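Engineer: Below are the structure tokens for one structure; questions will follow.
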There are 2 protein chains.
Amino acid sequence: MNAVLTPEKVRDGSKAGVAIAARAPAGIALVLLGTGVVGGAFLKLLNTPVAAALRLVGVANSRRQQTAVEALADRGLREQLKRQGDARDDVKLLNALDASDAAVKVIVDATASAELAARHAEWLARGYHVVTANKSLGGGELSGWRTLQEALAKGAHYGDAATVGAGLPVLSTLRRLRACGDGLLTLEGVFSGSLSYLFNQYDGSRPFSALLEEARQQGYTEPDPRSDLSGEDVARKLLILARNAGFALGTDEVEVESLVPESLRGLDTQAFLARADELDAPLAARHAEAATRGNVLRYLARLNQRGHARVGLVEVSPTHPAARLYGTDNQFALTTTRYHTQPLVIQGPGAGPEVTAQALLGDVLALG
Amino acid sequence: MNAVLTPEKVRDGSKAGVAIAARAPAGIALVLLGTGVVGGAFLKLLNTPVAAALRLVGVANSRRQQTAVEALADRGLREQLKRQGDARDDVKLLNALDASDAAVKVIVDATASAELAARHAEWLARGYHVVTANKSLGGGELSGWRTLQEALAKGAHYGDAATVGAGLPVLSTLRRLRACGDGLLTLEGVFSGSLSYLFNQYDGSRPFSALLEEARQQGYTEPDPRSDLSGEDVARKLLILARNAGFALGTDEVEVESLVPESLRGLDTQAFLARADELDAPLAARHAEAATRGNVLRYLARLNQRGHARVGLVEVSPTHPAARLYGTDNQFALTTTRYHTQPLVIQGPGAGPEVTAQALLGDVLALG
């Protein structure tokens with residue numbers, strides 16, 4: 001019996017799903033974009049009792065889509081979509097939402113497509129809510145962010161918990177503090193599960209490239225680990241946080257230290273992997289230098305009160321919160337005018353299909 | 001310029017207060033009960049721009065109250081109330097709320113009065129929202145908790161962020177995970193700022209009673225430190241968390257280890273303080289025993305997946321998250337079906353008038 005948190009029966013005797021339905025008689029209709037690992041995990045959650053009030057009216061992968069009721073009810077939907085379905089066409093998906101009598105209409109973006117993210121603002125402006133794991137709008141060009149804010153002023157909601165820390169309650173906390181007039185002094189942390197793992201492990205006893213290969217084998221890094229090592233993903237998350245803290249920063253206003261040397265950037269994945277040992281000497285030197293001062297290396301993201309944003313390798317003391325992380329944990333430390341003696345710290349698994357899908361579901365349910 | 005989080009100007013160009021007013025044209029009217037340190041800090045927040053859409057229509061301390069507009073506008077309100085005002089009378093306070101044309105009517109309880117907490121359910125049933133730092137209902141007798149749940153089924157909101165961790169986003173996270181069908185495996189942490197401080201410091205080099213006196217002088221403990229040492233306050237918070245996780249536990253279902261020996265319980269405060277050195281030998285023995293195993297002592301609260309709840313002194317290894325706390329930090333670690341490799345951890349200052357008042361304000365603003 002570990003399903004303790006499951007609200008199958010809440011205190012007042014009603015089902016959670018029913019309670020949602022009571023608030024919004026026609027329930028919530030949604031369309032899911034993306035059936036990769038996150039989208040797949042989200043589909044599984046839709047088949048649980050807590051999603052009883054949600055009605056899936058359309059699903060799409062990058063090439064095909066499905067809006068037929070009987071097809072959507074099929075548990076093999078994800079597999080089915082690889083072989084059959086209509087050609088991708090947003091209009092038909094939106095029509096499926098419109099055709100529902102739902103009071104709340106949601107588009108869930110579980111892709112990483114910049115092209116799709118560019119449409120979020122338009123959907124919001126037309127009254128659809130958007131719930132997203134896709135960081136390309138919030139963490140992309142400043143013009144896109146501004147368009148998003150204009151669209152939001154019209155009343156639809158943008159559920160973006162899944163874009164930072166896979167739903168760790170960071171964005172919600174930042175917004176709540178801000179709404180209460182608290183003042184940010186610093187925001188600091190480890191925003192990447194793979195970089196967390198690598199530097200939590202790296203103690204100089206084995207070459208960095210050996211550790212990297214191990215992490216890649218275990219699926220902790222992207223297939224091409226340069227996506228992680230470049231710091232670009234961390235920079236994107238820092239941009240989202242900074243913008244939510246009130247700094248309208250452009251993508252060029254985050255200082256990014258890439259761990260990939262110039263000589264390894266232009267290669268294809270195989271060639272990079274074959275030469276990954278070129279990472280070792282520079283990192284070993286930095287590790288040794290830190291060790292002489294009793295310190296350790298961490299890949300940190302930092303924002304200060306003047307809006308200066310940087311992501312990169314930093315030497316920290318063993319008592320620094322980031323020095324005390326395990327596994328692939330993310331960590332977010334907020335020092336504010338009111339949280340000033342010690343920061344407010346949120347940490348835990350910040351990646352993975354299950355928690356990311358849960359963050360999407362949480363944002364959808366909050367619309368009910 | 002550290003007021004970065006302050007939403008004086010949000011992206012769409014409107015003031016946050018105005019945005020709230022736009023959603024609820026007649027704004028939010030509120031009555032404040034309690035003008036002690038938390039209530040006083042809350043009154044200060046009401047004088048900031050983020051509270052622009054909030055209308056204070058009544059304030060009360062334990063003996064006097066004030067509902068006259070000109071008196072409420074006085075910045076010396078808290079002091080003024082000690083000398084003048086009407087006699088305490090709930091009816092008149094509720095009438096002041098009713099007389100406002102506000103769409104949202106809120107009673108903010110910043111007291112620790114069990115008598116007032118006993119009225120929360122009635123207020124909710126009558127349609128007033130209640131926002132509270134007072135733990136006496138949520139963490140009191142089970143019958144009170146059940147009455148609260150029945151009252152909430154009628155639609156009013158109970159803002160209780162301030163009752164656990166002074167507003168650290170713990171209850172909201174627990175509820176969100178539960179709404180998504182996540183399953184609690186364990187909930188563990190340090191829920192008391194004073195006990196956190198005492199055991200973060202205690203290394204056997206000085207008598208525990210000397211440390212206690214120091215903590216008392218610095219205002220980290222209650223004037224009578226037995227309120228902290230008894231574990232009763234921690235037990236109350238654990239009850240609130242357990243009930244929100246789905247366990248309808250009674251007050252007698254939390255196992256509480258008091259650090260106050262039987263012989264020191266019946267005394268008045270002065271007599272207790274004079275004999276506080278009787279705490280020293282038993283704690284020194286436990287500390288020494290833990291040290292032989294390389295461990296440290298922490299006063300932990302724990303709930304497991306079968307609903308077993310305990311608060312008390314525990315020996316933990318130096319790598320345990322609670323062994324790595326500083327100052328008066330609280331810590332809440334949630335291990336769930338989906339957060340299972342590593343727990344989701346929230347930590348930071350879990351006491352203090354400013355952050356507690358901010359938690360109250362956050363809950364009030366969320367009603368807009």
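The values are calculated or read from the model by the stated rules, or taken from the named source; none is laboratory data. Note that the structure is a prediction, hence the values are computed from the model and not measured. FYI the Cβ positions are ideal-geometry reconstructions off the backbone, even for glycines, and counts take in every protein chain you see. Accessible surface is based on the protein model in full, side chains and every heavy atom, while ligands, DNA and RNA are left aside. Shrake-Rupley method; radii C 1.70, N 1.55, O 1.52, S 1.80 Å.
Engineer: So which of A:130, A:57, A:106 is surrounded by 15 or more Cβ atoms within 10 Å (Cβ to Cβ), at pLDDT 95 or above, out of contact with any His (no Cβ under 7 Å at 6 or more places or on another chain) and among the hydrophobic types (A, V, I, L, M, F, W, C)?
Structural biologist: Only one candidate qualifies: A:57.
Engineer: What's the number of the only condition in (1) more than 27 Å from residue B:256 (Cα to Cα); (2) in contact with a helix residue (DSSP H, G or I) (Cβ under 9 Å, 6 or more places away or on another chain) that residue B:171 fails to meet?
Structural biologist: Answer for residue B:171: the failing condition is (1).
Engineer: Hey, among B:50, B:31, which residue is within 9 Å of another protein chain (Cβ to nearest Cβ) and at pLDDT 95 or above?
Structural biologist: B:50
Engineer: Out of curiosity, is residue B:181 closer than 21 Å to residue A:359 by Cα, open to solvent by 10 Å² or more (accessible area, probe 1.4 Å), assigned to a loop (DSSP other than H, G, I, E, B) and within 14 Å of chain A (Cβ to nearest Cβ)?
Structural biologist: Yes, satisfied.
Engineer: Out of the strands (runs of 3 or more DSSP E) lying entirely within segment A:294-340, which hold 1 or more residues that are without any contact (Cβ under 8 Å) to a residue 60 or more places away in the chain, more than 14 Å from residue A:185 (Cα to Cα) and more than 9 Å from every other protein chain (Cβ to nearest Cβ)?
Structural biologist: Per the criteria, A:309-316.
Engineer: Looking only at segment A:325-358, count every residue that is of a type in the set (A, V, I, L, M) and buried (at least 23 other Cβ atoms within 10 Å of the Cβ) and tell me the total.
Structural biologist: Summing the residues that are of a type in the set (A, V, I, L, M) and buried (at least 23 other Cβ atoms within 10 Å of the Cβ) in segment A:325-358 gives 6.
Engineer: Wholly within segment A:205-282, which helices (runs of 4 or more DSSP H) include no fewer than the required count, namely at least 3 residues that are hydrophobic (A, V, I, L, M, F, W, C) and in the same structural domain as residue A:311 (by TED's automatic domain parsing)?
Structural biologist: Once the helices (runs of 4 or more DSSP H) in segment A:205-282 are filtered for at least 3 residues that are hydrophobic (A, V, I, L, M, F, W, C) and in the same structural domain as residue A:311 (by TED's automatic domain parsing), what remains is A:208-217, A:232-244, A:269-274.
Engineer: Ok, one more. Name the pairs: first residue in segment A:266-283 and farther than 15 Å from residue A:208 by Cβ, second residue modelled with pLDDT under 95, Cβ to Cβ under 6 Å, at least 6 apart or on different chains?
Structural biologist: A:269/A:224
So that you can scan it fast, the table gives a plain yes or no per residue for (1) over 19 Å from the mean Cα position of the chain (by Cα); (2) more than 25 Å from residue A:149 (Cα to Cα); (3) without any contact (Cβ under 8 Å) to a residue 24 or more places away in the chain; (4) crowded, with 23+ Cβ neighbours inside 10 Å:
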{"residue": "A:217", "(1), (2), (3), (4)": "yes, yes, yes, no"}
{"residue": "A:223", "(1), (2), (3), (4)": "no, yes, no, no"}
{"residue": "A:230", "(1), (2), (3), (4)": "no, yes, no, no"}
{"residue": "A:237", "(1), (2), (3), (4)": "no, no, no, yes"}
{"residue": "A:241", "(1), (2), (3), (4)": "no, no, no, yes"}
{"residue": "A:247", "(1), (2), (3), (4)": "yes, no, no, no"}
{"residue": "A:258", "(1), (2), (3), (4)": "yes, yes, no, no"}
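Engineer: Let me ask something additional. Considering only segment A:66-88, I want to know if a residue exists there that is within 22 Å of the chain's Cα centre (by Cα), assigned by TED's automatic domain parsing to the domain that holds residue A:133 and part of a loop (DSSP other than H, G, I, E, B).
Structural biologist: no
Engineer: If I ask for residues that are of a type outside the set (Asp, Glu) and surrounded by fewer than 18 Cβ atoms within 10 Å (Cβ to Cβ), which ones from segment B:274-284 would you list?
Structural biologist: Result: B:274, B:275, B:281, B:282, B:284.
Engineer: When residues of segment B:341-358 are filtered for being within 7 Å of chain A (Cβ to nearest Cβ), closer than 28 Å to residue B:50 by Cβ and not in a strand (DSSP E or B), how many remain?
Structural biologist: Counting residues in segment B:341-358 that are within 7 Å of chain A (Cβ to nearest Cβ), closer than 28 Å to residue B:50 by Cβ and not in a strand (DSSP E or B) gives 3.
Engineer: Counting only residues that are more than 7 Å from every other protein chain (Cβ to nearest Cβ) and open to solvent by less than 10 Å² (accessible area, probe 1.4 Å), how many does segment A:359-368 have?
Structural biologist: 3
Engineer: Could I ask something else about it? Taking the criterion of being open to solvent by 20 Å² or more (accessible area, probe 1.4 Å), touching a Pro at 6+ places or on another chain (Cβ under 6 Å) and not assigned by TED's automatic domain parsing to the domain that holds residue A:35, would at least one residue in segment A:167-177 satisfy it?
Structural biologist: Within segment A:167-177 (the criterion being open to solvent by 20 Å² or more (accessible area, probe 1.4 Å), touching a Pro at 6+ places or on another chain (Cβ under 6 Å) and not assigned by TED's automatic domain parsing to the domain that holds residue A:35), the answer is no, since none of the residues qualifies.
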